[in-house]
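Working notes, beginning with the structure itself.
The values are calculated or read from the model by the stated rules, or taken from the named source; none is laboratory data. These numbers come from a predicted model, not from an experiment. Methodologically, a virtual Cβ is constructed for each residue, glycine included, from the backbone with ideal geometry; neighbour enumeration extends over all protein chains shown.
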Amino acid sequence: MTAPAQDFHTRVEKALRDPQLKIALERTTGNARRKRAAAVAAWPDFEAARAAACAIKDHAIEHMATYLEMFENNARASGAQVHWARDAGEASRIVIDLCKASGAKVVTRSKSMLGEEIGLPHALAEAGLRRVETDLAEHIIQLAGETPSHIIWPAAHRTREDVAKLFDQYHHEKPEGHDVVSMVASARKELRADFFTAEVGISGANFLVAETGAICTITNEGNAELTTTPPRVHIVTAGIEKIVASTEHALQLTRLLVRSATGADLTQYTTFHCGPKRAGDRDGPEEFHIVLVDHGRTRMLAEMPEMLRCLRCGACLNHCVVYRAIGGHAYGGAYPGPMGSVLTPVFDGLEQSRDLPAACTLNGQCKQVCPVDIPLPTLLRHWRARSFRAGHEPKAVSLAITIWAFFAARPRLYRMAQAAALPALRLFAKGGWISSLPLGSGWTATRDFPKPPRQSFLAAIRKGATR
Amino acid sequence: MSAREKIFAAIRKARPERATPAEIGAQAQACSEAMKRTLPALDQDDLAALFTARASSEKVGASVERVATLADLPPAVARYVASNNLAPDFALQPDPRLKNLAWGELSPGAPLRADSALAVGIALCGVAETGSLVFHSSPEAPTLYDFLPLHHLVALDAKSLVLRLENYAAFAQRLAIPRNVNLVTGASGTTDIEGVLARGAHGPGRLHIVIFD
Ligand code: SF4
């Protein structure tokens, strides 16, 4: 279960009434969109590259069993211990048992969305372990007692003013100033000692490389290596869909992943980890564990294999008009935005999360920016259709759709009904927009409806009217 | 059935393997080749110039200088120490090529610590396309030298430069697989507050590269 059983509509209303949220989201996603656009513009064949990236992931998915077996054998040969988990609970239990076996009291963690997906923060707290989030954004939201609201920028909902308040309140040494640089320096000081106190460091993985048995992390702060190198035990949690054939494929995908996420060519640190400390090594973990997690992925292999291509770059969030208006928390699951609306029903069940695929304008922006060309709008429509067929839609919605379908299948009747409705709707308009409608307040409370034209498009064409 | 067996059974049911290892290998190769055909052209005549341009670009933000030979590294370090008001003692990556240099007034014997001001190291190779330094961990190249100091100064052999990430992957295939491969592209940084870049998050705040021939 990744989403709390709270009403989606309540969360959305709360988000839409928060002007600070809108400012914070626009600053982060606006920066991301501009930088991605510049990076893509510098790669003339980017469209062909997306197709090639798609083929690289599809190849790994097509031969998933072969490559996972190869990965496991190579990882074991390097001294790594490989564990398998069917679901979130099993994955968390394996991690907690490993922590307990190592006698850990303090655990450092570098940002991993899979960790959020399997509920690891909660499981660590329940086990009485002190969890130290070392990624800056994760540190911010840990201080605020929140969950991530973006898969690349977990604190995208927080303005610099919010962060200043949190650091002033919680840091042992207050930041020297409230500019971004001073606050980053303050976090560096605050977390330094914990990197060396922790007995266990937990990371995710961006790729599992079959050819070598290494796992790859792509980060920028340096916290990941400080999380995985000094502690005695390094635990990796990764979804089985992260498998790729080779180091070359991993690096080729990284080119698109990073450009789509932050607009850089590479992030500061692209790191491959292969097994524990070796003879003569001065640093590195003594134990290296990899927990490979299914949690719905083998079901997706049959139902929506395209989604297994997802590189978790976040571009679809940054370009989504809905995400930009409501932010990540409103979605309720571990993954927000278009990709989250496709994934959350897999993890939590469609009945629980049917509102997510419904909250989409189907404008197709997400698919256009996706580095592996995932047909997100098609997958969202797939969930909508399934929800309707399974009878999860509220009665009023089902009834409305059934009535609409009746007219839609009878074009003459449809046009007559439309001709009657248009002038009536126009009565509610003020200056080109309708801001309140009887029975439609749910829609108009936070948005306006454009005043409809006098006659329908078809009617206008038929009359040969130009306007 | 164990979790492992159940997961493999589910995968094989959805995607039974029908190809031979040779066929799979050929497909993987074709995928890499298709990607290579989309890459923007790069000027391959002077890899050191290409590397320098990328590494010192605003996006990557490293500083780069060129010297004649590795023997010129100590004076380069001395200049860096002076211009950044650093103490003359620093942590030296335990690589024999570095240990054997004549360090003069400098004292390269400082232990690496959580708050080391400066560490001096040497890269295995560099990737010109991205301005990245590559390190393979070993007793002579511990991982933490790249992450703990505030200033990281790295010597890079111009002859070790490769054009693209694919060239590095091909080169690495001929070497033993190290515990850590670190591709380092610029000094540590974060955009976690409002998407604005700030340098020196948890890793080095400054990266200085000395290319030698
Ligand atoms: S669906 Fe595509 S755009 Fe969205 S996070 Fe995944 S890879 Fe990125």
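Observations
- Restricting the range A:313-331 to residues that are assigned to a loop (DSSP other than H, G, I, E, B) and in contact with a helix residue (DSSP H, G or I) (Cβ under 6 Å, 6 or more places away or on another chain) leaves a set whose member that is surrounded by the fewest Cβ atoms within 10 Å (Cβ to Cβ) is A:H319.
- The set of residues in the range A:151-166 that are part of a helix (DSSP H, G or I) and over 10 Å from A:A137 (Cα atoms) comprises A:R160, A:E161, A:D162, A:A164, A:K165, A:L166.
- Qualifying residue in the range A:227-245 (condition: closer than 30 Å to A:T29 by Cα, out of contact with any Leu (no Cβ under 6 Å at 6 or more places or on another chain) and acidic (D, E)): no
- Qualifying positions in the range B:179-213 - assigned to a strand (DSSP E or B) and more than 7 Å from every other protein chain (Cβ to nearest Cβ): B:R199, B:R206, B:L207, B:H208, B:I209, B:V210, B:I211, B:F212
Residue-by-condition table, conditions (1) more than 10 Å from the ligand (Cβ to nearest atom); (2) out of contact with any helix residue (DSSP H, G or I) (no Cβ under 6 Å at 6 or more places or on another chain); (3) in a helix (DSSP H, G or I); (4) closer than 29 Å to A:T262 by Cα:
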site: A:S341; (1), (2), (3), (4): yes, no, yes, yes
site: A:P345; (1), (2), (3), (4): yes, no, yes, yes
site: A:L356; (1), (2), (3), (4): yes, no, yes, yes
site: A:P371; (1), (2), (3), (4): no, no, no, yes
site: A:T378; (1), (2), (3), (4): yes, yes, yes, yes
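- The range A:165-197: number of residues that are in contact (Cβ under 8 Å) with a residue 24 or more places away in the chain and among the β-branched types (V, I, T): 2
A quick yes/no check of all residues on (1) aromatic (F, W, Y); (2) surrounded by fewer than 23 Cβ atoms within 10 Å (Cβ to Cβ); (3) closer than 20 Å to A:T219 by Cβ:
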| position | (1), (2), (3) |
| --- | --- |
| B:D115 | no, yes, no |
| B:L133 | no, no, yes |
| B:K159 | no, yes, no |
| B:N180 | no, no, yes |
| B:I193 | no, no, yes |
| B:G200 | no, yes, yes |
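- Within the range A:263-293, the residues that satisfy the criterion of being facing chain B (nearest Cβ under 7 Å), out of contact with any Gly (no Cβ under 8 Å at 6 or more places or on another chain) and farther than 20 Å from B:R164 by Cα are A:H273, A:G280, A:D281, A:R282, A:D283, A:G284.
- Filter pass, A:P336 being within 11 Å of the ligand (Cβ to nearest atom) and of a type outside the set (A, V, I, L, M, F, W, C): yes
- With respect to the conditions (1) within 16 Å of the chain's Cα centre (by Cα); (2) crowded, with 23+ Cβ neighbours inside 10 Å, B:R164 falls short on a single one, namely (2).
- Test: residue in the range A:289-298 that is within 27 Å of A:E90 (Cα to Cα), at pLDDT 95 or above and within 16 Å of the ligand (Cβ to nearest atom): yes
- Among the candidates B:L39, B:L86, B:L101, residue that is more than 19 Å from the chain's Cα centre (by Cα), within 14 Å of another protein chain (Cβ to nearest Cβ) and in a loop (DSSP other than H, G, I, E, B): B:L39
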